[in-house]
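The values are calculated or read from the model by the stated rules, or taken from the named source; none is laboratory data. For clarity, every value in this text was computed on a predicted model and none was experimentally measured. No Cβ is skipped: glycine too gets one built from the backbone with ideal geometry, and neighbour counts run over all protein chains shown. The protein model used for the area step is the full one, side chains on, heavy atoms only, and it has no ligands, DNA or RNA in it. Shrake-Rupley method; radii C 1.70, N 1.55, O 1.52, S 1.80 Å.
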Amino acid sequence: MKSSGPSATRRRSIGPLLVLSSAVLAVSGCASPGPARPPSLFLPRTVTDLAAVRTGDSVTLHWTTPEKTTDGLKVKPPLTAEICRQPDGHGSTCTPIEHVTVHPGASEATDQLPSSLTSDPPALLIYRVRILNATGHSAGLSTAAFAASGAAPPPIEHLSVTPVRNGAMIEWQPQPTSAFIDLDRTQIQTAAPQKRSGKQPSQLAAPSSPAEIHLQAGRQASQAGTSKSAEQPTADPGGTIDPIAQRNMTYRYTAQRVRSLTLGGHALEIRSVLSPAITTAMRDTFPPATPAGLAAVPGTASIDLSWEPNTEPDLAGYIVYRQAVAADGTLAGAPTRLTPSLISAPAFSDVTAQPGQTYSYRVAAVDSAGNQSPTSGEARESRRNQ
């Protein structure tokens, strides 16, 4: 007999509910979609590498504009960088001073300072930047970069560079200022290999130098052993030597005066406007030093010569000259070169000397460019009879 009434009705309704619940549990056990995400606002990430350089009456800012948004998506152009400056480091307001269009990657902007910030006393300037998306929204201000207001040092005038034997002589018009001088040297031509004829002594290659280097003048440590941060400017020297400028190179030099100061615990610099560039070809026209200490020792088979070695790094060798001495002590005839090829050692044996004949000897040094020094002082000697 079939059941009827409310109980049977409840059993029939519960069955489908159980089936539905099982299906829901099976689906939820396979995967969880997680919480729903709000739509992206496409806010560029904040800048983290803002840097400031004060040169003359302006401050140049450098940073990297992010390529991603705060939620990891690719930024969408157009992008605008809003630059703000906070004078004196007081207060919480960073006043916007400029807006520039930027793209992801290396970016920069220049703040032309008003006259109120280009005279002393110096004060701390704080810069920040925020990147705005197409709707004018951003994720916030960047990390801070610091610069100094105040008077910039005078620019370098009458810069000149002259090749000298021990490098390059750099000169400029000195000024009554405590700023030191920062020199930038850029190599624009490499040295061509030297061509040599005959048998030449091998030379150690000159140390290679980087394409760009920085030199400083008018700066010295206040005490021996102090760190570079403790170095103090001295009187403007008006010139210096670049001791590592190499022969047969072409260099471009520029110069700036640099004023160092500390504001708010930050070590800062105010640089002068960059000088015009000077290009110099380091032609080797400088002969080696004259050999010194020439001595002659007689023997039965030769007259042996020796002298103090030259120390030039580009020394190629020596030439020995001989001249006969007459009975009255005067020199007879012209000097004769005894060494057709350069000799590398500071010594020579004259095996062609005739017994009983007095000779006058002199020595000259030659560098790898073929420049020859003046001849040394003479040494007179006679070969002994066997």
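Odds and ends about this structure:
- Strands (runs of 3 or more DSSP E) completely within region 111-195 that count 1 or more residues being in contact (Cβ under 8 Å) with a residue 40 or more places away in the chain and farther than 30 Å from PHE286 by Cβ: 124-132, 145-148
- Candidate set: region 34-50, residues that are open to solvent by less than 40 Å² (accessible area, probe 1.4 Å) and either out of contact with any Ser or Thr (no Cβ under 6 Å at 6 or more places or on another chain) or part of a strand (DSSP E or B) (or both); chosen: the one modelled with the highest pLDDT: PRO44
- The residues listed here are ALA292, ALA296, ALA301, ALA327; of these, the one that is among the hydrophobic types (A, V, I, L, M, F, W, C), closer than 16 Å to ARG380 by Cα and modelled with pLDDT under 95 is ALA327.
- Among residues of region 356-383, those that are within 18 Å of ALA292 (Cα to Cα), of a type in the set (S, T, N, Q) and under 48 Å from the mean Cα position of the chain (by Cα), counted: 5
- Of the strands (runs of 3 or more DSSP E) lying entirely inside region 204-262, the ones with 1 or more residues being open to solvent by less than 50 Å² (accessible area, probe 1.4 Å), aliphatic (A, V, I, L, M) and at pLDDT 90 or above are found at 212-217.
- Residue selected from region 51-94 under the condition among the basic types (Lys, Arg) and out of contact with any Leu (no Cβ under 9 Å at 6 or more places or on another chain), by the criterion surrounded by the fewest Cβ atoms within 10 Å (Cβ to Cβ): LYS74
- Condition check for PRO313: modelled with pLDDT under 95 and either among the acidic types (Asp, Glu) or open to solvent by 20 Å² or more (accessible area, probe 1.4 Å) (or both): yes
Table: residues versus (1) touching a Lys or Arg at 6+ places or on another chain (Cβ under 9 Å); (2) buried (at least 18 other Cβ atoms within 10 Å of the Cβ); (3) farther than 30 Å from PHE180 by Cα.
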{"site": "GLY317", "(1), (2), (3)": "no, yes, yes"}
{"site": "ASP328", "(1), (2), (3)": "no, no, yes"}
{"site": "PRO335", "(1), (2), (3)": "yes, no, yes"}
{"site": "THR339", "(1), (2), (3)": "no, no, yes"}
{"site": "SER344", "(1), (2), (3)": "no, no, yes"}
{"site": "GLN354", "(1), (2), (3)": "yes, no, yes"}
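- Complete set of residues in region 263-285 that are open to solvent by less than 50 Å² (accessible area, probe 1.4 Å) and not polar (S, T, N, Q): LEU263, LEU268, ILE270, ARG271, ILE278, ALA281, MET282, ASP284
- Taking every residue in region 329-346 that is under 14 Å from TYR361 (Cα atoms) and outside any strand (DSSP E or B) and pairing it with any residue that is open to solvent by less than 50 Å² (accessible area, probe 1.4 Å) and of a type outside the set (Phe, Trp, Tyr), at least 6 positions away or on another chain, the pairs with Cβ-Cβ distances below 6 Å are LEU338/VAL320; LEU338/ARG322; THR339/ILE319; THR339/VAL320.
- Selection within region 120-141: residues that are open to solvent by less than 30 Å² (accessible area, probe 1.4 Å) and aliphatic (A, V, I, L, M). The member of this set that is farthest from THR65 (Cα to Cα) is ALA123.
- Some residue of region 95-106 being open to solvent by 60 Å² or more (accessible area, probe 1.4 Å), touching a residue at least 60 places away in the same chain (Cβ under 8 Å) and assigned to a loop (DSSP other than H, G, I, E, B): no
- For PRO87, the conditions (1) modelled with pLDDT of 95 or more; (2) in contact with a helix residue (DSSP H, G or I) (Cβ under 9 Å, 6 or more places away or on another chain) are fulfilled apart from (1).
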